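Trainee: Pasting a structure here, questions to come.
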Amino acid sequence: MDGGGTVDTQAQAAADGMPLTGEPLALELVNTTFVRGGVRGVLVDALRTPEDLDGWLAARTALFSEPLRAELSAPAVTGAHVARFRELRQALRDLAAARVEGARPADAAVALLNASARLAVSWPEFEPTPGGPARVVTRWSEPDSLLAALGEVAAAGVGLLAGRAAEQVRACPAPGCILYFVKSHGRREWCTVGCGNRVRVARHSRRAKADPV
Ligand SMILES: [Zn+2]
């Protein structure tokens, strides 16, 4: 982690090395912290630097609204943006945990989510073009497109955690795993095949120890 040669590896992992992808946008953000290596594994934070956030966004442009995608083609990500995304990530994690446990969510997490969702406000404007047909241009109340993107993640979180899919949000029950997923089909029990295998192997070795031949 601190050797010169591992920096590239870290950046690579941030862009593509998430253990779980394909979840709704809000959970994609939550799952940028994960444990690598099971119960005695290490906690990995894949969203620490502007490069990390840049890579995370680049791999997920399809999850943002179509007009925003164009704005995000060459984002100027700063440390301040990273701090905002991390703050929202913590709020979403707290809210997902509360949802899964059936607990009342913390006021601070709710307030942060709702304030962030406001950054997603946009409207269409009529723009005449010289000699051609008029076109629709999208404007955001938040001029910084990265913060508008943060707003879309938050708005997606509102839709997920307060919407109909909320009942399907799960914390992976594998020991040592901290990932969240939406139970997309009836038999899905774990976040990934990897977690399922790990639990099966552990059960097997426990049984083997308890019942020596
Ligand atoms: Zn898992």
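Trainee: Mind giving me the FRET efficiency for Ala74 and Thr21? R0 is 30 Å, r the Cβ-Cβ distance, nearest 0.05 is fine.
Mentor: In this case the efficiency is close to 0.85.
Trainee: Pairing rule first: another cysteine's C-beta must sit under 4.7 Å. Under that rule, which cysteines of the chain stay single?
Mentor: Unpaired cysteines in the chain: Cys195.
Trainee: Would you mind calculating the gained length between Glu125 and Asp211 on full extension (0.36 nm times residue separation, minus the Cα-Cα distance), in nm to one decimal? Show your work: numbers first, answer last.
Mentor: Numbers: separation 86, 0.36 × 86 = 30.96 nm, distance 7.15 nm.
Taking 0.36 nm per residue and subtracting the Cα distance, the gain is 23.8 nm.
Trainee: To continue, here is another question. Mind giving me the FRET efficiency for Lys183 and Ala83? R0 is 22 Å, r the Cβ-Cβ distance, nearest 0.05 is fine.
Mentor: FRET efficiency, Lys183 to Ala83: 0.10.
Trainee: Next question. Run the simple label-point estimate for Ala166 and Ala62 please: 7 Å along Cα→C-beta, distance reported in nm.
Mentor: 2.9 nm
Trainee: Under 8 Å for C-alpha pairs, at least 6 residues apart: give me the relative contact order for segment 37-83, rounded to a whole percent.
Mentor: Relative contact order comes out at 47 percent.
Trainee: Given a 1.4 angstrom probe, what's the average accessible area per residue across the chain, in square angstrom?
Mentor: Numbers: 12100 Å² over 213 residues.
Per residue, the chain has an accessible area of 57 Å².
Trainee: Report the net charge of residues surrounding Arg99, where surrounding means a beta-carbon distance below 12 angstrom and charges are Lys +1, Arg +1, Asp -1, Glu -1.
Mentor: Its environment carries a net charge of 0.
Trainee: Related question: Percent relative contact order of the chain, based on C-alpha pairs within less than 8 angstrom and at least six residues apart?
Mentor: Dividing the mean separation by the residue count of the chain yields 22 percent.
Trainee: Calculate the all-directions average of the projected area of the chain's alpha-carbon convex hull, and give it in nm².
Mentor: So the Cα hull casts an average projection of 16.5 nm².
Trainee: Let me ask you something else. Would you list the membrane-span-like helices of the chain, meaning whole DSSP H runs whose alpha-carbon atoms span at least 24 Å along their axis and whose mean Kyte-Doolittle value is at least 0.5?
Mentor: Length and hydropathy pass: 145-162.
The values are calculated or read from the model by the stated rules, or taken from the named source; none is laboratory data. Given the structure is predicted, the values throughout are model-derived calculations rather than measurements. FYI the Cβ positions are ideal-geometry reconstructions off the backbone, even for glycines, and counts take in every protein chain you see. Ligands, DNA and RNA are stripped out before the accessible areas are found, and what is left, the full protein with its side chains, is counted by its heavy atoms. Shrake-Rupley method; radii C 1.70, N 1.55, O 1.52, S 1.80 Å.
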